[in-house]
1. Provide the gained length on full extension for the span T61 to M1, in nm with one decimal, where the gain is 0.36 nm per separating residue minus the Cα-Cα distance.
2. When only Cα pairs under 8 Å and 6 or more residues apart are kept, what is the percent relative contact order across the chain?
3. Which ³J(HN,Hα) values, rounded to whole Hz and listed in residue order, are derived for segment 46-54 from phi using the Karplus coefficients 6.51, -1.76 and 1.60 in 6.51 cos²θ - 1.76 cosθ + 1.60 with θ = phi - 60°, glycine and proline given as x?
4. Test of understanding: in a Gaussian network model of the chain with alpha carbons linked when under 10 Å, which of L27, L73, L15 would top the mean-square fluctuation ranking?
5. Using helices alone, what [θ] at 222 nm do you get for the chain, with -39,500 (n - 2.57) per DSSP H run of 4 or more residues, divided over all residues and rounded to the nearest 500?
Amino acid sequence: MNKITLFVNGIEHTLNVESRRLLVQVLREDLGLTGTHVGCDTTQCGACTVHLDGAAVKSCTVLAVQADRRNVLTIEGLGSPESPHPLQVAFKTCHGLQCGFCTPGMIMCTADLLKTMADPSEDQIREWIDGNICRCTGYQNIVASVRLAANMVNGDA
């Protein structure tokens, strides 16, 4: 067992974990943060995307011990019911979700995009979300959601 400390959504957590435990397992099973979904365990679907020290990563490919003493942001920490993140508002407004399984990963992935590019084009959005799979929406509403969120962040909406 390894003693690790994670700073998840601004809260410090000290845990004992096996070396082989994945970050997604610790988030879901040990910390009860079930917004981060497990879809494939092979980095194919992106449903497990979180931010690690500010960058989007697929948490099914990060060992929990690799995240020791690092900052993790999950969908639960991105916004709140009282003050949702612009992406959360935009996904609701533009119907960027259907079943909702991929939505947390899509939002976390595109939150990283909006930190990188203030006004991404439709093609740039599609390229950025290439590693995230949605089986319901056909992506058009997801792209529209990200465009609206970019406008909201830039004060254009």
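No value in this document is a laboratory result; all are computed from the given coordinates. For clarity, every value in this text was computed on a predicted model and none was experimentally measured.
1. Details: separation 60, 0.36 × 60 = 21.60 nm, distance 1.92 nm.
Length gained between T61 and M1: 19.7 nm.
2. Relative contact order, the chain: 23 percent.
3. Coupling constants for segment 46-54: x, 5, 9, 5, 9, 9, 10, 6, x Hz.
4. L15
5. It lands at -8500 deg cm²/dmol.
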